[in-house]
Amino acid sequence: MQKRIGFIFALVTALTLFLCGCVGARTKTLSKTAVAMGSAVTVKLAGEDETQIQEAVDAVIESVQTLDGTVISKNAPSAELYRLNARENPEMKTPVSDELYDALQRTKAIYAHSEGKAALASGALTTLWGIDTEAFRVPSQEEIEAAKALCGDKTVELSEKGFVSFRKGQILNLGSVGKGLACDKGVQTLKNAYFGKGVTGAVISVGGSVATLGSPETGERWTVGIRDPYGTANAYFATLRVGETFLSTSGTYEKQFTENGKTYHHLLDLTTGYPAESTLCSVTVCAAGGLESDALSTLCFLVGEERAREVLELYNAEAVFVYTDKTVHVTAGLRDALTVTDTAYRLEAV
C-alpha cells in the first residue's frame, strides 16, 4: 500500500495595512513566529514602546504554548485534558480548572446545533483516523461503527460547579477549536498587561485562526486575506477589511492524505464516521470570540450553508462560503468588507 500525506495549514493572513500602515516616526513594529498545536503561531504588534512590544510578543507566544501544553491538548501527558481523558472511571464527576471547563462548555454548546455532525466528544473517531497525530489511515467499517458509538455529547455532563463526567471509552477533543481558543488567550494576554500601555495594534495568527486588536495607524480597519483553497499556502483569493474581531477558516485542504488513489480530508462528519461530503471547500467565520469562530467554521462546513446561516444568527457571527466550483457566498454583515481579488472566483448574491 502506498500512502501520500499532505499537510496544508488553513488561513494565510495578508497584513498589508498592518505592515505599511504602521511606519510612522513614532510607531515601532515587531513580528515573531513560533510553533504550537502543530501550527505556526505568528504575532505582529505595533506601538510606541519598543521594550513593551518585545515583551508582549514573547508573552503572547508563551501563553499560547502554555495553553496547549498544560490545558487543552489531548495528546500531551502534561495537559489537563489529557489527564481527564485518561481517568480509569470517567463516569465519576471530576473537577477541572475554570479555563478548561469554560472551553468544554462553550464547545459543547455550539456543537449542540450541528445535528450530531460535530461534538466535544469526537476523539474516538479523530484518533481512529489519525487526525490528531497526523498518522493518517482509513479505518475499517467495523472500527468506524464502534468509534461512532462513542462520539456524541449526550453522555457528557458539565455541572455548574465545574465538574465533568462522560461515558467510558469517550475522548473529549478540543482540536477543532484549539487555534481559535489560542487567539482568545493571546488577546487576553495583551489586554491584561500590554494593550494601551505601549502596544496599540496586534494581529495574532494561529494556523487557520486570526485575531485582530486595535487598529492600523492608517485607518480603523485591518486587511486579512482568505486562503485560496486551490492555491499555494501563501495564496489568497479574497480579502476582508475588519475591525477588532476573530476569524477562522475550515477547509478540506487543511489536512488531507491520499490512500489507494482516494484523497481524504480531516473534517469528519460524526453521523457517518467519514470525511464530510460537501460542495463546499472552505468556510471562513468572523465572530466575537476565537473559540466561537473556530467551532462555527467547522459546524458551518459540516451542516451546509442553509443551516449554517441559522446558527450564525444565534451567535451574531458572519461567514464566507467557498464552493468547489469557485462560487462564493457571503452573509450580509461581511458583504461590504469582502473583496474577491482572484478572477477565477465568482461572488454570487444570495
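Which strands (runs of 3 or more DSSP E) sit wholly inside segment 227-276 and have at least 1 residues that are under 30 Å from residue 215 (Cα atoms) and in contact (Cβ under 8 Å) with a residue 12 or more places away in the chain?
Where strands (runs of 3 or more DSSP E) fall fully within segment 227-276 and carry at least 1 residues being under 30 Å from residue 215 (Cα atoms) and in contact (Cβ under 8 Å) with a residue 12 or more places away in the chain, they are 236-242, 245-251.
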If we ask which residues in segment 336-350 are surrounded by 13 or more Cβ atoms within 10 Å (Cβ to Cβ) and not in a strand (DSSP E or B), their number turns out to be 5
Filtering segment 103-151 for residues that are touching a residue at least 60 places away in the same chain (Cβ under 8 Å) and among the aliphatic types (A, V, I, L, M) leaves a count of 10
Going through segment 168-226 in order, the residues found to be in a strand (DSSP E or B) and over 17 Å from the mean Cα position of the chain (by Cα) are 195, 199, 200, 201, 202, 213, 214, 222, 223
Residues of segment 165-180 being surrounded by 23 or more Cβ atoms within 10 Å (Cβ to Cβ) and among the small types (Gly, Ala, Ser), in sequence order, are 176, 178, 180
The correct count of residues that are surrounded by 19 or more Cβ atoms within 10 Å (Cβ to Cβ) and among the charged types (D, E, K, R) in segment 249-307 is 6
Here the residues within segment 272-315 that are farther than 21 Å from residue 175 by Cβ and among the β-branched types (Val, Ile, Thr) are 279
Check: Are any of the residues in segment 181-201 among the aromatic types (Phe, Trp, Tyr), in contact with a helix residue (DSSP H, G or I) (Cβ under 7 Å, 6 or more places away or on another chain) and farther than 23 Å from residue 320 by Cα?
Finding: yes
Being without any contact (Cβ under 8 Å) to a residue 12 or more places away in the chain, in contact with a helix residue (DSSP H, G or I) (Cβ under 6 Å, 6 or more places away or on another chain) and of a type in the set (Ser, Thr, Tyr) narrows 78, 63 down to just 78
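From the residues in segment 46-64 that are assigned to a helix (DSSP H, G or I) and more than 25 Å from the chain's Cα centre (by Cα), which one is surrounded by the most Cβ atoms within 10 Å (Cβ to Cβ)?
53
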* To do: Determine if segment 302-314 includes at least one residue that is assigned to a helix (DSSP H, G or I), free of Cβ contacts under 8 Å to residues at least 40 places away in the same chain and within 17 Å of the chain's Cα centre (by Cα).
  => yes
Quick count over segment 196-213, residues being touching a strand residue (DSSP E or B) at 6+ places or on another chain (Cβ under 8 Å) and surrounded by fewer than 21 Cβ atoms within 10 Å (Cβ to Cβ), is 1
Scanning segment 316-335 residue by residue, those buried (at least 19 other Cβ atoms within 10 Å of the Cβ) and under 11 Å from residue 287 (Cβ atoms) turn out to be 317, 318, 319
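Since every read-out is calculated from the coordinates, none of them should be taken as a lab result. A quick note: this is a predicted structure, and the numbers were derived from the prediction, not measured. Ideal geometry is used to build each Cβ from the backbone, glycine not excepted, and the neighbour counts take in all protein chains shown.
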